[in-house]
Each structure stands twice: as C-alpha cells, then as structure tokens.
Amino acid sequence: MPRILAVDDSPSMRQMVGVTLKSAGYEVLEACDGQEALDLAKAQAAVDLVITDVNMPNMDGITLVRELRALPHYRGVPLLVLTTEASAEKKMEGKAAGATGWVVKPFSPDRLLATIARIVA
C-alpha cells in the first residue's frame with residue numbers, strides 16, 4: 001500500500017485529503033507544517049509521495065520541497081503541491097525547488113486521485 005505524507009496547516013484540508021486518499025487505499029501520514037513534515041521525513045521510513053500546501057507557518061511548502069530534495073532518500077520521491085497559489089511565478093518557483101506537480105485548490109477528489117495515480121505509477 002503506497003504511503004503518502006499530507007502537509008497542510010488547515011486541519012479540515014488535511015482531513016479532506018486524508019479521507020480522499022484513504023478511500024483509495026493509500027496509507028496517510030499527516031503534518032501541520034513544513035517543519036513537522038521535514039522532521040517526519042528524517043525520522044520515519046520513506047513515503048511514496050508528499051502532498052504539500054505552500055502557505056504554512058514555520059516552514060512553507062516550497063522550502064519544504066527544497067529541504068526534502070536535499071535528503072538522499074527523497075531525491076526520487078514525487079512531491080506534489082496542493083495550494084490556492086495559481087500564479088505562474090509560484091509554479092515556476094515550486095518547479096525550480098523540485099516539485100513534481102502542482103494542483104490548485106479547491107480540488108476535485110477524482111482529479112487529485114488521477115494525478116496521484118499518474119505520479120506514483
């Protein structure tokens with residue numbers, strides 16, 4: 001069963017993403033900001049995918065992507081950004097940091113699952 005780390009400072013968004021992923025058979029780990037996610041990434045077994053928001057306290061999602069890419073066991077892990085940020089500049093910044101994909105909120109659960117299936121496959 002693929003394991004996914006969902007990172008968002010909004011408890012309701014983490015819950016929505018979590019329910020969507022669990023209903024599709026994924027194991028879900030959650031973190032409330034980039035720093036908690038990075039600590040989890042360093043302490044736990046690797047995950048198959050990270051889904052992160054951009055705007056969060058303590059550490060934003062783009063910094064998290066950069067930090068994860070610096071870890072040897074996260075170099076090849078897909079990093080998906082799920083955010084309200086839709087500007088081309090932010091997307092380019094995310095891609096430059098190492099993000100694999102970008103999904104704009106509000107998201108459709110079916111579209112999110114289809115995107116994940118393509119990335120994880």
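With the condition kept exactly as written, say whether any residue in the range 67-76 is touching an Asp or Glu at 6+ places or on another chain (Cβ under 6 Å) and of a type outside the set (Ser, Thr, Tyr). Scanning the range 67-76 turns up no residue that is touching an Asp or Glu at 6+ places or on another chain (Cβ under 6 Å) and of a type outside the set (Ser, Thr, Tyr). Within the range 51-70, restricting attention to residues that are under 20 Å from Met13 (Cα atoms) and of a type in the set (A, V, I, L, M), the residue that is surrounded by the most Cβ atoms within 10 Å (Cβ to Cβ) is Leu64. Just name the residue that is surrounded by the fewest Cβ atoms within 10 Å (Cβ to Cβ) out of those in the range 28-45 that are over 19 Å from Thr100 (Cβ atoms) and either at pLDDT 95 or above or in contact with a Ser or Thr (Cβ under 9 Å, 6 or more places away or on another chain) (or both). Among residues in the range 28-45 that are over 19 Å from Thr100 (Cβ atoms) and either at pLDDT 95 or above or in contact with a Ser or Thr (Cβ under 9 Å, 6 or more places away or on another chain) (or both), the one surrounded by the fewest Cβ atoms within 10 Å (Cβ to Cβ) is Asp39. The listed residues are Ala121, Ala86, and the only one of them that is at pLDDT below 95 and either among the basic types (Lys, Arg) or under 20 Å from Arg14 (Cα atoms) (or both) turns out to be Ala86.
Of everything listed in (1) closer than 25 Å to Asp110 by Cβ; (2) acidic (Asp, Glu); (3) surrounded by fewer than 14 Cβ atoms within 10 Å (Cβ to Cβ), the single unmet condition for Asp48 is (3). When the range 87-121 is limited to residues that are of a type outside the set (A, V, I, L, M, F, W, C), touching a strand residue (DSSP E or B) at 6+ places or on another chain (Cβ under 7 Å) and in contact (Cβ under 8 Å) with a residue 12 or more places away in the chain, the one that is surrounded by the most Cβ atoms within 10 Å (Cβ to Cβ) turns out to be Gly94.
The values are calculated or read from the model by the stated rules, or taken from the named source; none is laboratory data. If you're wondering where the values come from, they're calculated on a predicted model, not measured in any experiment. Cβ coordinates were reconstructed from backbone atoms using ideal geometry, including for glycine residues, and neighbour counts include every protein chain displayed.
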